[in-house]
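In what follows, a structure is listed as structure tokens, so that the remarks can point back to it.
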């Protein structure tokens, strides 16, 4: 995700399949066998790894090729929707000339060929799709385009050995990451959550990996207890494909951003891109452990839930729910509590200016408008709505009611009315009254100004490379110098509250006043230290 105009890349293969299933009815689930078939013969190709030291020209070429492929994919899906399978086949074959190891066109071409009666060729493309990363079990079992293939021996073999297939695929994925990123990274796995980790750690500091794992575990535990309760049964280690969490070096992140978003990502907008979860690739890439990381991890969990059910929730639910966990504090019991943030500050200003959209209209915004010129405003309203549900104590209840009535009301309006037992207009008024009483927090505005911050540690900081802001200088007569803070220290928490990015650091520091004493947690090389610092009045640091 990005801070600023934000985009969540959603896998088109998922979009196409879910729309087909929802629009035409799910196919029957395949029978299970008393004696399972033999495992299918699959060959795992080496991943398409970019050269470790490509020049700018080759990175640009890769980005342009991906963009051309995405346009061909868009045209192919339009042709499929129009029933023009011959044109779709031509477009998908052209896409595969550009991206021969991309499982998305491989799978979609298998669907098109199956519909056109070319079953043998369809099976071969389905095989290649699985070898190159296709792991959507719901689509495999329910997509009506594959109806002709479900009686074949290969299909039965795949279904019978699905868990071993996705586990083998995960091994291929992490091994490819090792080849791509090298020895300055740490690698780890969490079989229970089905997450692999690839974390830049030039000092090979085990606590760096531990911090990443702790963040993932904390967010996942909260998600499964409050929102995605369906992921508890069956548990994720018995059902879901693996995902890879990558926190790259600044250099590797820049390469990724160029290839994902094009050359303009480093020319004008890289500073606004914090990362993304790419569902097609089952990869979460983030530049730090801050708000974007949390947002994208929630996208990964949300997609797991949606994929089990063959659904795609509306954009306002996707982005509002995932924005909710960008900013949180921990209560006395260590439980995650979402807090007001710069987004709710923006929503309050919108409401005061009369620019807040009525709730029933907002819930029905099409994706193109939500992500258009007023994307920041729409994200702000979406997060505020979910914080409202959380503060009213009905977040889980609303989500389950929304999911229960999804097919009759995919926008979620009736879920508000049922949970609050009042018309949507009255819910909207209550939401606005709640928003007016919500406190503002310290924030970094888009023009770089910092508002609402009166206290300082007595240090200057830069954003850092992932764990937290990095101290660049310490004031000579400050308590920070007496306490022992140094240039190069990475600030990871203040009074036990995480400060993983600049936005979070400013929000947390905004809750304190000059002369208060706070406990500052830092990483210094491989050392993890805490020290008490008396705050000073903020000037420009």
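The values are calculated or read from the model by the stated rules, or taken from the named source; none is laboratory data. Here the structure is a predicted model, which is why all the values come from computation and not from measurement. Backbone-built Cβ (ideal geometry, glycine too); neighbour counts: all protein chains shown.
Below are the figures for this structure:
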item: Segment 482-541, residues that are touching a helix residue (DSSP H, G or I) at 6+ places or on another chain (Cβ under 9 Å) and at positive phi; result: 495
item: Test: residue in segment 515-534 that is closer than 27 Å to residue 446 by Cα and part of a loop (DSSP other than H, G, I, E, B); result: no
item: For residue 345: the one exception among (1) surrounded by 20 or more Cβ atoms within 10 Å (Cβ to Cβ); (2) over 22 Å from the mean Cα position of the chain (by Cα); (3) not in a helix (DSSP H, G or I); result: (3)
item: Residue within segment 190-197 that is part of a helix (DSSP H, G or I) and crowded, with 17+ Cβ neighbours inside 10 Å present; result: no
item: Checking residue 331 against (1) under 21 Å from residue 218 (Cβ atoms); (2) in contact (Cβ under 8 Å) with a residue 24 or more places away in the chain, the condition it does not meet; result: (2)
item: Residues that are touching a residue at least 40 places away in the same chain (Cβ under 8 Å), more than 22 Å from residue 279 (Cβ to Cβ) and surrounded by 20 or more Cβ atoms within 10 Å (Cβ to Cβ), drawn from segment 128-155; result: 155
item: Residue in segment 440-449 that is closer than 30 Å to residue 252 by Cβ, touching a strand residue (DSSP E or B) at 6+ places or on another chain (Cβ under 6 Å), without any contact (Cβ under 8 Å) to a residue 60 or more places away in the chain and not in a loop (DSSP other than H, G, I, E, B) present; result: no
item: Residues located in segment 102-127, provided they are farther than 18 Å from residue 77 by Cα and surrounded by fewer than 19 Cβ atoms within 10 Å (Cβ to Cβ); result: 117, 118, 119, 120, 121, 124
item: Count of segment 445-460 residues which are touching a helix residue (DSSP H, G or I) at 6+ places or on another chain (Cβ under 6 Å) and over 24 Å from residue 515 (Cβ atoms); result: 0
item: Count of segment 100-123 residues which are in contact (Cβ under 8 Å) with a residue 12 or more places away in the chain and either more than 29 Å from the chain's Cα centre (by Cα) or not assigned by TED's automatic domain parsing to the domain that holds residue 70 (or both); result: 9
item: Condition met for residue 248 (outside the structural domain of residue 336 (by TED's automatic domain parsing), farther than 23 Å from residue 167 by Cα and modelled with pLDDT under 90); result: no
item: Verdict on residue 72 being exposed (fewer than 14 other Cβ atoms within 10 Å of the Cβ), part of a helix (DSSP H, G or I) and at pLDDT 75 or above; result: no
item: Complete set of residues in segment 156-171 that are surrounded by 17 or more Cβ atoms within 10 Å (Cβ to Cβ), out of contact with any helix residue (DSSP H, G or I) (no Cβ under 9 Å at 6 or more places or on another chain) and within 30 Å of residue 202 (Cβ to Cβ); result: 170
item: Segment 362-389: number of residues that are assigned to a helix (DSSP H, G or I) and under 18 Å from residue 346 (Cβ atoms); result: 17
item: Test: residue in segment 87-94 that is in a helix (DSSP H, G or I), modelled with pLDDT under 75 and under 27 Å from residue 151 (Cα atoms); result: no
item: From 488, 466, residue being assigned to a loop (DSSP other than H, G, I, E, B) and within 25 Å of the chain's Cα centre (by Cα); result: 466
item: Filter result (out of contact with any helix residue (DSSP H, G or I) (no Cβ under 6 Å at 6 or more places or on another chain) and assigned to a helix (DSSP H, G or I)) within segment 141-155; result: 141, 147, 153
item: Hey, residue 319 under 30 Å from residue 135 (Cα atoms), assigned to a loop (DSSP other than H, G, I, E, B), in contact (Cβ under 8 Å) with a residue 12 or more places away in the chain and in contact with a helix residue (DSSP H, G or I) (Cβ under 9 Å, 6 or more places away or on another chain) or not; result: no
item: Test result for residue 507, at pLDDT 95 or above and not in a strand (DSSP E or B); result: yes
item: Hey, residue 398 more than 26 Å from the chain's Cα centre (by Cα), over 15 Å from residue 338 (Cα atoms) and without any contact (Cβ under 8 Å) to a residue 60 or more places away in the chain or not; result: no
